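Visitor: Got a structure for you, written out below as structure tokens; questions coming shortly.
Read the figures in this text as sums done on the coordinates, not as results from a lab. Quick caveat: nothing in here was measured; it's all calculated off a predicted structure. Cβ atoms come from the backbone with ideal geometry, glycine included; neighbour counts cover every protein chain shown.
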Amino acid sequence: MSTDTIRQYPVLYSFRRCPYAMRARMALYQAGVQCEIVEVELKAKPAAMLALSPKGSVPVLQLPLGEVLDESLDIMNWALGQDDPGHWLPDSRSLSQSLITENDSSFKAALDRYKYPQRFPGGNSLEARDSGMVFLQTLNAQLHGDAYLLGRQVSYVDIAIFPFIRQFANTDVPWFEAQALSALQHWLSSLVNSDLFAIIMEKNRRHLL
């Protein structure tokens, strides 16, 4: 593929294991957006990405006409605005927004302190785990009777949240599996083992589609 051809498409600066980048990649792939992926080394961030988004965090999407989206939810919304074949976008955003806001704020803070206690002097990883457990229980209750958070089909809110739950669960797998969270555990397993997740997590993947 020539350089000229690649430049017709959006360029996504991504980091394979970043949960924010995961949800952006899943929405882009689901929407059928042809996209070049630039895998970022977090200790040596490319100058081109920093010129587009000085905050230096992934994901960053540069559209063909130069517009830059550097928030993962904005990338998801843009992608699904192009095409939403799975009807991921809900009719009502109120519950979706409430769950995503809690995920991205208090739960993410607990996740960071649980997974990386060394980054928070005086922090307590077990207290952080207990704090995160409150959100896990909320999700588990929401899932009882349904396969996904908004019903029988996967939606925007599932994709926006599950990479962070996956990271929390993987911090101590035996502990997570021992919890009374059967609905949440089944939900997480179905998403982690989906074809879509396998595709966007392929190593050395340079393009979506």
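Visitor: Taking Cα atoms, how many degrees apart are the long axis of helix 19-30 and the longest axis of the chain, rounded to 10 and kept between 0 and 90?
Guide: 60
Visitor: For the chain, with a Gaussian network of springs between Cα atoms less than 10 Å apart, report the residue from Asp70, Asp83, Asp91 with the top mean-square fluctuation.
Guide: It is Asp91.
Visitor: Under a GNM of the chain (C-alpha, springs under 10 Å), which listed residue has the highest mean-square fluctuation: Gln179, Gln34, Gln137?
Guide: Among Gln179, Gln34, Gln137, the largest GNM mean-square fluctuation belongs to Gln179.
Visitor: Another one. For a footprinting-style exposure proxy, rank Leu139, Leu28 by other Cβ within 10 Å, fewest first.
Guide: Leu139, Leu28
Visitor: Out of every Cα-Cα pair in the range 1-78, what percent are more than 15 Å apart?
Guide: 51
Visitor: A further question on this structure: Evaluate the charge dipole of the chain about its Cα centre and quote only its size in Debye, nearest 20, assuming +1 on the Cβ of each Lys and Arg and -1 on the Cβ of each Asp and Glu.
Guide: 580
Visitor: At 0.36 nm per residue, minus the direct Cα-Cα distance, what do Glu67 and Phe120 gain on full extension? Give it in nm, one decimal, please.
Guide: Stretched out fully, the Glu67 to Phe120 stretch lengthens by 15.5 nm.
Visitor: Stick to Cα atoms and the Kirkwood definition of Rh, then tell me Rg/Rh for the chain.
Guide: Rg divided by Rh gives 0.97.
Visitor: Something else now. Treating the angle as unsigned and between 0 and 90°, give the value, to the nearest 10°, between the Cα long axis of helix 125-143 and the longest Cα principal axis of the chain.
Guide: 80
Visitor: When only DSSP loop residues count, what trypsin sites (Lys or Arg not before Pro) in the range 48-132 have their Cβ near at most 10 other Cβ atoms within 10 Å? Provide the component values of the computation, followed by the final result.
Guide: Numbers: sites: Lys55, Arg93, Lys108, Arg113, Lys115, Arg119, Arg129; in loops: Lys55, Arg93.
Those that pass, being in a loop and sparsely packed, are Lys55.
Visitor: Now for a separate question. Read phi for every residue in the range 101-117 and hand back ³J(HN,Hα) as whole Hz from Karplus 6.51 cos²θ - 1.76 cosθ + 1.60, θ = phi - 60°, with x for Gly and Pro.
Guide: 4, 5, 4, 7, 10, 5, 5, 4, 5, 5, 4, 4, 6, 6, 7, 10, x
Visitor: I would also like to ask the following. For Lys115, what charge total do you get from the other residues with a beta carbon under 13 Å from its beta carbon, if Lys and Arg give +1 and Asp and Glu give -1? If you can, show how the numbers build up before the last one.
Guide: On the way: positive: Arg17, Lys108, Arg113, Arg119, Arg129, Arg166; negative: Asp112, Asp172.
That sum, taken over residues with Cβ under 13 Å, equals +4.
Visitor: Rounded to the nearest 20 Debye, what is the dipole magnitude of the range 48-93 about its Cα centre when Lys and Arg each give +1 and Asp and Glu each give -1 at the C-beta?
Guide: 160
Visitor: Then there's this: Rounding to the nearest 10 and keeping the result within 0 to 90°, find how far the Cα-based axis of helix 156-171 lies from the longest principal axis of the chain.
Guide: 60
Visitor: Ok, one more. Could you work out the helix-only [θ] at 222 nm for the chain, with each DSSP H run of four or more residues adding -39,500 (n - 2.57) and the total divided by the number of residues, to the nearest 500 deg cm²/dmol?
Guide: After summing the helix terms and dividing by the residues of the chain, the value is -15000 deg cm²/dmol.
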